[in-house]
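Presented below is the structure to which this report refers.
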Amino acid sequence: MPGPEEDRALLIEAALRAGDIARSHFGQNPDVFDKGDEGPVTEADLAIDAMLHEVLLGARPDYGWLSEETEDSAARLAQEHVFICDPIDGTRAFIEGGRSFSHSLAVARNGVVTAAAVFLPMRNKLYAAAARAGATMNDTPLRVTPPVDLKDATILTTRGNLQPHHWPRGVPRFGRSYRPSLAYRMSLVGEGRFDAMITLRPTWEWDIAAGTLLIEEAGGVVSDGQGKSLRFNNPTPQVNGVIAGASAVHGDLVGLRASA
């Protein structure tokens, strides 16, 4: 059975191939299809999804499969290992010509992410991690930020996550920034560029699986919006929001979310 580092190498290979496909469509007015409440999907998303399915399952035929652009099947629930993939995270940005979309690929074993790759082809940033083997960006080791007071922290989130009903103990004050791709936001936290990220809406596993391992292997903490540990490959592949970052800032944010 391949180990986490072998799976990481496979994910890196697939992520780089995904980047080649994305670059060939970028800025070329790709066909766009409407998925209703799930948002748009482009011909690039679908081409990448097909390639990932062929390459990853061709190498690991006994792994399960969960992807944003593939119809889900309960068969994955019986597998010890499962691929969790977002062919393009930040599709709207991709359509609009934004450069911060990413390819987010992960392997989870019994609900825990063990290998990950996040690639931003237009920024030439390749993040990768394997369980107990650390996290890197373009082969440079990553570490989350050192302790900082919450008021001095820089956190990636949207304005909607700062509505008072989300914070029974008071809305926190900090420096706020934004990136369109959840996987990229988490990668930037693992890189130490930001202290934390927050999303408090139900969150699809494929958006966050790879980023979860990147942050954890960089020394950070990832939980759901209530501070509970995340598990992956759920029957409904969503989690109840995400708070992720350096330990002290993560603890402060979770504390402010607790019922008074």
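Across the range 132-154, the number of residues qualifying as farther than 21 Å from residue 209 by Cβ, outside any loop (DSSP other than H, G, I, E, B) and touching a Phe, Trp or Tyr at 6+ places or on another chain (Cβ under 8 Å) comes to 4.
Residue 92 satisfies every condition listed in (1) assigned to a helix (DSSP H, G or I); (2) buried (at least 21 other Cβ atoms within 10 Å of the Cβ) except (2).
Within the range 162-181, residues that are within 21 Å of residue 259 (Cβ to Cβ) sit with their Cβ atoms under 7 Å from residues that are small (Gly, Ala, Ser) and open to solvent by 90 Å² or more (accessible area, probe 1.4 Å), at 6+ positions apart or across chains, in these pairs: 168/259; 168/260; 169/260. In the set (1) assigned to a strand (DSSP E or B); (2) under 25 Å from residue 78 (Cα atoms), residue 211 fails one condition alone, (1). Only one of these conditions is not met by residue 49: (1) over 17 Å from residue 103 (Cβ atoms); (2) in contact with an Asp or Glu (Cβ under 9 Å, 6 or more places away or on another chain); (3) surrounded by 14 or more Cβ atoms within 10 Å (Cβ to Cβ); (4) not β-branched (Val, Ile, Thr). Which number is it? All conditions pass for residue 49, except number (1).
Among the residues of the range 200-222, those that are farther than 14 Å from residue 246 by Cβ and either open to solvent by 10 Å² or more (accessible area, probe 1.4 Å) or basic (Lys, Arg) (or both) comprise 200, 201, 202, 204, 206, 207. Of all residues in the range 71-89, those that are under 24 Å from residue 1 (Cβ atoms) and in a loop (DSSP other than H, G, I, E, B) total 3.
The values are calculated or read from the model by the stated rules, or taken from the named source; none is laboratory data. Everything numeric in this text was worked out from a predicted model, so none of it was measured. Methodologically, a virtual Cβ is constructed for each residue, glycine included, from the backbone with ideal geometry; neighbour enumeration extends over all protein chains shown. Surface accessibility is based on the protein's heavy atoms, side chains included, excluding ligands, DNA and RNA. Shrake-Rupley method; radii C 1.70, N 1.55, O 1.52, S 1.80 Å.
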